[in-house]
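The values are calculated or read from the model by the stated rules, or taken from the named source; none is laboratory data. Just so it is clear, the model here is predicted, and its values are computed rather than measured. Glycine also receives a Cβ, built like all others from the backbone with ideal geometry; neighbour counts cover every protein chain displayed. Note: accessible area is taken over every heavy atom of the protein model, side chains too, but ligands, DNA and RNA are not part of it. Shrake-Rupley method; radii C 1.70, N 1.55, O 1.52, S 1.80 Å.
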Amino acid sequence: MTVMTWITAACVAGTISIIFIWLADEPVERVKLQLFATALYLVLVASTIYFHQLERDFGEVAQTLSAATVDHDEQLLALEEKHADALAWQAIQIERDVTEKLEARYAAREDTMKDHLFLKVVDLEEVIKTQRGEIYALEDRLREAEAMNEELAFALADAERLIDTTTDETENIVFFETYGSCEDLNAVYPDGVPLEHDAYLLTFDTDFDGVACGQNDTR
């Protein structure tokens, strides 16, 4: 029971008392006073019970409101946490999607670069094979040239030995002129050579006029 309740009840009782006293007959009978006191007591008790019930209801409403406020705060906090979790998960999902797209793009670019590198490696291998074949061919030619050089060196040594041993006999050797073609022969003899000449060959005398590599001979 609050102070305001008691003040309200006392004001009501005082008002009723004043009204009863002003309206009562003189002298006031004892029975009427007893009835008035009883009625006043009942009014005070009823007022007390009524205001106590109001205060109790007010307390319950306040408790209910406080509980509702706490529940609302808890629900709001839960919603905020849920929203924060949803935002965090959405951010993670977006980051994952972006990462997957970037990885796919990098993988595709890496595959393209690998393909280009593979093609370049294949081309380089082909070039290396070609150059290696050319090197092998050059080595073979070099070996052949070295063998020919050795043969020529041996032949030159033999010739030098023959020259040394046959210097006296070379004065009696008669050399014959020989040419491989009419062009070589005409370079020395522009009009050709007759039948009695050492350079005459029947194959150069195509018109059988007795002149090899003459003007009418087929060149």
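Annotations for the structure displayed:
- Tabulated pairs, region 182-202, first at pLDDT below 90, second loosely packed, with under 10 Cβ neighbours inside 10 Å and part of a loop (DSSP other than H, G, I, E, B), C-beta under 7 angstrom, 6+ apart or interchain: Cys182/Arg219; Asp198/Phe176
- So Arg56, is it out of contact with any Phe, Trp or Tyr (no Cβ under 7 Å at 6 or more places or on another chain), open to solvent by 80 Å² or more (accessible area, probe 1.4 Å) and modelled with pLDDT of 85 or more: no
- Residue in region 77-99 that is out of contact with any strand residue (DSSP E or B) (no Cβ under 8 Å at 6 or more places or on another chain) and either modelled with pLDDT under 85 or hydroxyl-bearing (Ser, Thr, Tyr) (or both) present: yes
- In a residue-by-residue description of region 144-152, the property of being of a type in the set (S, T, N, Q) and at pLDDT 85 or above applies to no position.
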